[in-house]
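What follows is calculated from the coordinates using simple rules that are stated; it is not laboratory data. Note that the structure is predicted; figures quoted are calculated from it, not measured. We place every Cβ from the backbone using ideal geometry, glycine too, and count neighbours over all the protein chains shown.
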Amino acid sequence: MSNPIYFIADLHLSEERADISACFFDFLKNTAPSAKQLYILGDLFEYWIGDDDVTPLSEAVAEALRALTSKGTDVYFIQGNRDFLVGKRYAERCGMTLLPDTQLIDIDGQRALIMHGDTLCTRDVDYQKFRAKSRTWWWQVFMTNLPLRLRRHIAQRYRAKSAMSTAQKPQEIMDVTQAEVEKELRAANCDLLIHGHTHRPAIHQFNIDGMPAKRIVLGDWYEQGAWLKAENGKLELLNQPFN
């Protein structure tokens, strides 16, 4: 029996939710060491304003992830829409490897495409415009060179604005566009997609050009810990309650 591969996303760690952090640390200490690989598919943090914003929480997370990698589990990270400014400096402190927005991996001989998932929500036009702007080098250089205090203020305002905007948008706008899912899988010559972002955990079966395909959505960590376990060709969504 081979060691499993684990996938997690959308923890949204913050100082305000110590219960999520405690569950995550427990997961890293007692569950994740059995895995050969752990993939974090974005939004590990509620927000990230730059690797120079060192906090007790960010340091505790880095220490826990490095402890995991020291036991032999490889950790990989894809930036989410909340923590897309996580950079090489913080990744090195964690002992994890940064991946691009989309990545093809091998799961027990099966090709799988992994991503955060926000690019699949093409009907959310306003967000996609912001995403395009915020991923430019000039925007990121400008933002990360602002004083920390100002960046924290901007992040808090953005969180409030985002929450209000999300509450007002129809649910279908917030979900993935099936045509975009199929486009990504065709481009990758792949029939398995794993992502987070939508907070709608499920395993979706469908056909592309007459061939079976699968889309697995990871759960968020607002009410319980959640992860995908891949082992010996079996894919299973799991969870653990907060203490």
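Annotations for the structure displayed:
- Reduced Cα scattering model of the stretch 101-214, Debye log10 I(q)/I(0), q = 0.09, 0.15, 0.16, 0.22 Å⁻¹: -0.33, -0.81, -0.89, -1.26
- In the chain, a dipole from Cβ-located charges (positive for Lys and Arg, negative for Asp and Glu) runs towards its positive end, and of GLN224, LEU113, GLY42 it is GLY42 whose Cα lies farthest in that direction.
- Listed residue (LEU185, VAL141, ASN30) projecting farthest to the positive dipole end of the chain, Cβ model: VAL141
- Largest first, the three principal axis extents of the alpha carbons in the stretch 79-123 are 34, 31, 10 Å in whole numbers.
- Anisotropy class of the chain from Cα gyration tensor, a/c 1.5 cut: oblate
- One quarter of the surface of the convex hull around the alpha-carbon atoms of the stretch 54-139 equals 7.3 nm², the direction-averaged projected area.
- In the frame of its principal axes, the stretch 178-217 has Cα extents of 27, 16, 14 Å, reported largest first.
- Unit charges on C-beta of K, R, D, E only; dipole of the stretch 41-136, Debye: 260
- The stretch 97-162: C-alpha gyration tensor shape, a/c 1.5 cut-off, then a/b vs b/c: prolate
- Exceedance of the 24 Å cut-off in Cα-Cα distance is limited, within the set LYS71/LYS229; LYS36/LYS88; LYS88/LYS169; LYS161/LYS229, to LYS88/LYS169; LYS161/LYS229.
- For the stretch 19-62, chymotrypsin sites (Phe, Trp or Tyr not before Pro) meeting the loop criterion (DSSP other than H, G, I, E, B) and having at most 16 other Cβ atoms within 10 Å: none.
- For the stretch 152-212, a simple Cβ point-charge model (Lys and Arg +1, Asp and Glu -1, everything else neutral) yields a dipole of about 660 debye relative to the Cα centre.
- Modelled spin-label separation between GLU63 and TYR158, with each label point placed 7 Å from Cα along the Cα-to-Cβ direction: 2.8 nm.
- Dividing the Cα radius of gyration of the stretch 1-131 by its Kirkwood radius returns 0.97 for Rg/Rh.
- A Cβ-based charge dipole, computed about the Cα centre of the chain with Lys and Arg at +1 and Asp and Glu at -1, lands at about 540 debye.
- Here the Gaussian network model covers the chain, with springs between Cα atoms less than 10 Å apart; of VAL181, VAL86, VAL75, VAL181 fluctuates the most.
- Residues of type aspartates and glutamates that LYS183 reaches as a straight line, Cα spacing below 18 Å, ignoring anything fewer than 8 places off in the same chain: ASP101, ASP118, ASP124, ASP175, ASP191, ASP209
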